[in-house]
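Take a look at the structure below.
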Amino acid sequence: MTSIGTQPPQRTYDVVCVGCGHHNLIAAAYLAKARRSVALLERSAVPGASYAPRN
Ligand SMILES: Cc1cc2nc3c(=O)[nH]c(=O)nc-3n(C[C@H](O)[C@H](O)[C@H](O)COP(=O)(O)OP(=O)(O)OC[C@H]3O[C@@H](n4cnc5c(N)ncnc54)[C@H](O)[C@@H]3O)c2cc1C
């Protein structure tokens with residue numbers, strides 16, 4: 001698992017979001033703002049799903 005944030009990977013989280021589509025990205029941002037620890041898991045190399053930047 002790649003850790004994108006500045007914090008080292010944890011073993012436990014308050015919330016685990018499977019998939020980095022825009023809905024989960026927004027939900028994770030709100031949860032982090034509410035000081036919950038969140039793991040965002042994405043199976044592809046780039047988050048954002050259909051809204052991810054393409055070359
Ligand atoms: C053909 C098509 C056309 C569409 N056209 C429109 C349109 O014109 N306008 C519109 O508003 N909406 C459209 N939609 C709907 C829109 O794409 C979705 O409603 C929206 O993308 C859902 O966003 P989401 O964040 O919930 O999930 P998604 O954008 O579906 O993202 C899900 C993410 O989760 C990841 N993932 C899935 N399973 C796993 C797993 N097991 N482990 C790890 N990662 C996982 C995926 O790789 C992906 O990155 C269309 C949908 C389709 C299928």
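Bear in mind these aren't lab numbers, they're just calculated from the coordinates by the rules spelled out. The structure presented is a predicted model; accordingly, all values stated were derived computationally and were not measured. Every residue, glycine among them, receives a Cβ derived from its backbone with ideal geometry; neighbour counts consider all protein chains shown.
Pairing each residue of segment 19-33 that is farther than 17 Å from Pro53 by Cβ and part of a helix (DSSP H, G or I) with any residue that is near the ligand (Cβ under 9 Å from one of its atoms) and acidic (Asp, Glu), provided the two are 6+ apart or on different chains, yields C-beta distances under 9 Å for Asn24/Glu42.
Do you know which residues across segment 26-46 are more than 7 Å from the ligand (Cβ to nearest atom) and under 8 Å from the mean Cα position of the chain (by Cα)?
Residues satisfying the conditions are Ala28, Val38, Ala39, Leu40.
Pairs are defined by a Cβ separation below 9 Å, a sequence spacing of at least 6 or placement on different chains, a first member in segment 36-53 that is free of Cβ contacts under 8 Å to residues at least 40 places away in the same chain and among the hydroxyl-bearing types (Ser, Thr, Tyr), and a second member that is more than 11 Å from the ligand (Cβ to nearest atom) and in a loop (DSSP other than H, G, I, E, B); the pairs so defined are Ser37/Gln7; Ser37/Gln10; Ser37/Thr12; Ser37/Tyr13; Ser37/Asp14.
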